[in-house]
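Enquirer: Pasting a structure here, questions to come.
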Amino acid sequence: MRFTLVFLFCLLAVFITCQSVTVEYPKYPATKEGRDLKQFLNGVKTVAFTLEPMNSEIWSHESNRSFVMMVPGKIYESFSKDSYFKILDLKDRPDVLEAKDTSLEGIQKNRKRIGEILSADAVLYVSVKQPESQCYVEAKMDYLALGLAVLRAATAGKDKNRQYSRAAASLVNDPIVKPTGVRKVYIPIEANLIRIDSGEMMKTVISKHSIIYNGVGDVSCPSILPSLSTALDESISEIQRRLSPKVESEDISIFTEDENPEVEALLLEGYEEITGENPNFHRAKISWEKADLKAKGKSWAAKANLATYYFSEGDYQKATQFYDEAIRLGGPEDDYLKELKELMAPPQIEEEATEEK
């Protein structure tokens, strides 16, 4: 009985002093482009989005004008849902950016104001030009017809000649390769990610054609608006691949123990900020900064928690700095903190690894 009580007490002590939370962090591809993106984005999390004005009057076809109406919302929604960034829409925000300033030069000139009002780290400026498309007919395999032909041949019994004749007759009536209408779409898109602090830009230009097929055997050209929508989706995915890291998650320990009761209370306060009804990592950071100040920089737990905050923000430089400071203070979780540091290590570039071999 006594042993059981001691075990439960130890288990409770561990729970009180070290709890974990799920932290999302950016994961970069192991390529030169991934390394460059990591260096550029360091600390960028909140991004304001704006689209270069599109003059629908020069797009004579009605479906093109409908496309103009579709573009802003489609890009904003896709980045909001699928990218690592927290996206803020600059549309209809004259308090932040006037219509006359919605050019790349205007964004550069007013980026500090955008950052101050929206607490943004960068601006995503996208330019979409008039699409181009062409239609043609291409032979395409009809796998349903192929399956039916094989099935008919199989039901012809063991007579091979009968099987062959049944299969040949089936293919004459319903060939497995059929002429099919195709639309080839090209949407010229340029996306610029502009840092608020320095004005440094990372640009990507999409020059990829999208191929949209009609139903097999239908030689008419696929409808223009659905084709444009599909091509735009593919282009947006490519922009995200080049300008936004993937999102990974990790259960990371948050430390709430300190010899000083006041410091310990602030550590716990920060933990509660990210586990309450309205989780807020920024408020948790403020509590941990207070704990660090109260401890005069001697609390390894405060340092480790602050490192985790910057880790979640993608600011690997500050995260590494705080993890190193926590490790130098000689806390009981040094090995664990070193493992967390390894998650932020620059990925080995695949091209370089090949050359070394």
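Enquirer: Inspect all residues belonging to region 124-131 and state whether any of them is modelled with pLDDT under 90, open to solvent by 30 Å² or more (accessible area, probe 1.4 Å) and not in a loop (DSSP other than H, G, I, E, B).
Expert: No, every residue in region 124-131 fails to be modelled with pLDDT under 90, open to solvent by 30 Å² or more (accessible area, probe 1.4 Å) and not in a loop (DSSP other than H, G, I, E, B).
Enquirer: From VAL219, VAL205, VAL182, VAL137, grab the single residue that is at pLDDT 90 or above, under 38 Å from the mean Cα position of the chain (by Cα) and crowded, with 17+ Cβ neighbours inside 10 Å.
Expert: Criteria check complete, one pass: VAL182.
Enquirer: Still on this structure, I have one more. Can you list the helices (runs of 4 or more DSSP H) lying wholly within region 186-297 that have 2 or more residues being among the polar types (S, T, N, Q) and within 30 Å of ASP142 (Cβ to Cβ)?
Expert: 224-243
Enquirer: From the residues in region 95-113 that are aliphatic (A, V, I, L, M) and buried (at least 16 other Cβ atoms within 10 Å of the Cβ), which one is nearest to ILE196 (Cα to Cα)? Lay out the reasoning, then the answer.
Expert: Taking region 95-113 first, the residues aliphatic (A, V, I, L, M) are 96-97, 99, 104, 107.
From the residues that got through so far, the ones that are buried (at least 16 other Cβ atoms within 10 Å of the Cβ) too are 96-97, 104, 107.
Details: VAL96: 14, LEU97: 14, LEU104: 13, ILE107: 10 Å.
Looking at residues that are aliphatic (A, V, I, L, M) and buried (at least 16 other Cβ atoms within 10 Å of the Cβ), I get ILE107.
Enquirer: Another question about this same structure. Filter region 315-337 down to residues that are β-branched (Val, Ile, Thr) and within 16 Å of TYR25 (Cα to Cα), then give me how many there are.
Expert: Going through region 315-337 one residue at a time, the tally reaches 1.
Enquirer: Does region 14-27 include one or more residues that are modelled with pLDDT of 85 or more, surrounded by fewer than 17 Cβ atoms within 10 Å (Cβ to Cβ) and of a type in the set (Asp, Glu)?
Expert: So far as region 14-27 goes, no, none of its residues is modelled with pLDDT of 85 or more, surrounded by fewer than 17 Cβ atoms within 10 Å (Cβ to Cβ) and of a type in the set (Asp, Glu).
Enquirer: List the pairs whose first member sits in region 334-345 and is within 17 Å of GLN317 (Cβ to Cβ) and open to solvent by less than 40 Å² (accessible area, probe 1.4 Å), whose second member is part of a helix (DSSP H, G or I) and of a type in the set (Gly, Ala, Ser), and whose Cβ atoms are under 8 Å apart, counting only residues at least 6 apart or on separate chains?
Expert: LEU337/ALA304; LEU337/ALA307; LEU337/ALA326; LEU340/ALA307; MET344/ALA319
The values are calculated or read from the model by the stated rules, or taken from the named source; none is laboratory data. Since we're looking at a predicted model, the values are computed, not measured. Virtual Cβ from ideal backbone geometry, glycine too; neighbours counted across all protein chains shown. Only protein heavy atoms, including side chains, enter the accessible area calculation; ligands, DNA and RNA are left aside. Shrake-Rupley method; radii C 1.70, N 1.55, O 1.52, S 1.80 Å.
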